[in-house]
1. Identify the single condition in (1) at pLDDT below 90; (2) surrounded by fewer than 18 Cβ atoms within 10 Å (Cβ to Cβ) that T226 does not satisfy, given that it satisfies every other one.
2. Take segment 259-293 and flag every residue that is within 12 Å of V209 (Cα to Cα), open to solvent by 30 Å² or more (accessible area, probe 1.4 Å) and of a type in the set (A, V, I, L, M, F, W, C).
3. Of all residues in segment 40-52, which are aliphatic (A, V, I, L, M) and not in a loop (DSSP other than H, G, I, E, B)?
4. List every residue pair whose Cβ atoms sit under 6 Å apart, with the two residues 6 or more apart in sequence or on different chains, where the first one lies in segment 32-61 and is at negative phi and the second, anywhere, is of a type in the set (K, R) and surrounded by 18 or more Cβ atoms within 10 Å (Cβ to Cβ).
5. Mind checking which strands (runs of 3 or more DSSP E) fall wholly inside segment 62-155 and carry at least 2 residues that are in contact with a strand residue (DSSP E or B) (Cβ under 8 Å, 6 or more places away or on another chain), open to solvent by 40 Å² or more (accessible area, probe 1.4 Å) and more than 19 Å from L167 (Cβ to Cβ)?
6. Counting residues that are free of Cβ contacts under 8 Å to residues at least 40 places away in the same chain, which strands (runs of 3 or more DSSP E) fully inside segment 201-306 reach at least 2?
7. Restricted to segment 156-172, and to residues that are open to solvent by less than 80 Å² (accessible area, probe 1.4 Å) and among the aliphatic types (A, V, I, L, M), which residue is farthest from A29 (Cα to Cα)?
8. Scanning segment 188-215 for residues that are touching a helix residue (DSSP H, G or I) at 6+ places or on another chain (Cβ under 7 Å) and of a type in the set (S, T, N, Q), which turns out modelled with the lowest pLDDT?
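The values are calculated or read from the model by the stated rules, or taken from the named source; none is laboratory data. These numbers come from a predicted model, not from an experiment. Virtual Cβ from ideal backbone geometry, glycine too; neighbours counted across all protein chains shown. What goes into the accessible areas is simple: the full protein's heavy atoms, side chains included, and nothing from ligands, DNA or RNA. Shrake-Rupley method; radii C 1.70, N 1.55, O 1.52, S 1.80 Å.
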Amino acid sequence: MKTTPVPPRGGPPLHVVQVIGGGSARVCAHVRSLTAGLVARGVRVTVCAPPGTEPDYGFTGLGAHFVPLSCGTGPEAAAVLRAVCADAGVVHAHGLRAGVPAALALCGRRRTPLVVTWHARVQAVGARARLMWLLERRVVRAAQVVFGTTSDLVDRARRHGARDARLAPVTVSVPGGGHEGRPGRPDGADDTAREKTRAELGVTGRPLVLAVGRLVPRQGHTTLLTASRAWRRLDPQPLLAIAGEGPARPALQRRIEAEELPVRLLGRREDALELLAAADVAVLPARWEGRAVVAQEALRAGVPLV
């Protein structure tokens, strides 16, 4: 998107449509970053995304127009996009769930380029894996350019027949501020605030290990729980805090209680940056990640990352 041309002064502003198919923090933060940069350059931006993303990421506050979009990939979402993209100069879809309706909406409109950023792999087996393969192929071949956040995604796009597939190191910083639409922690942050956060978590005088991510099997939290068993012998005993919510929570909680692990599940949190600022170590146990927001935030905050 950095090479997107801007019309000369006096002409109508370029209209860029950003399409988000789900509510991933990584994707929404990246789109917010792109939107801020494009609006600053005088580009007219429309963000089409699930309704719940606007309150969390404030696309309209950046100067963009927001259009609610259902999470489906079928005709209803494509119809909404077809109307929105009527005068679009570029349509940028983020992920497969956004790429499918975007490709359908632009069918027959060869003059409107479709750009697809592939942020993550789809986890599927059996018949669903075959269906996902066909959808990937359809989206990749409809796109003028495919950006992959990792080299294996770029290779996969090329195997699908992409006309142009490139590696795109996706970051989530925004001009003049922090990440994920929230202000970053300034240098020399208040140590009192840090100690307050640690006290609330019950880690006064002991190390705090922090993981942030959705509680699903591919995030690797079971491996992290196994590692925490060895920490019980340490003095002082570290506390592993996991911020996030998801379907794996009941199973994780049962294991924590059964094995008396030094682990707390914090649930969904809106203060991830404050938690990171209070942590001694940040851990990313996921089996696969494109460009993890928590890794970027930890490095930016100066917190050691495993």
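1. (1)
2. Scanning segment 259-293 gives V281, L284.
3. If the condition is that a residue be aliphatic (A, V, I, L, M) and not in a loop (DSSP other than H, G, I, E, B), then A40, V45, V47, A49 are the ones that fit.
4. Correct list of pairs: Y57/R32.
5. By residue number, 65-68.
6. Result: 239-243, 263-267.
7. So, considering only residues that are open to solvent by less than 80 Å² (accessible area, probe 1.4 Å) and among the aliphatic types (A, V, I, L, M), the one farthest from A29 (Cα to Cα) is A162.
8. Within segment 188-215, the match that is modelled with the lowest pLDDT is T204.
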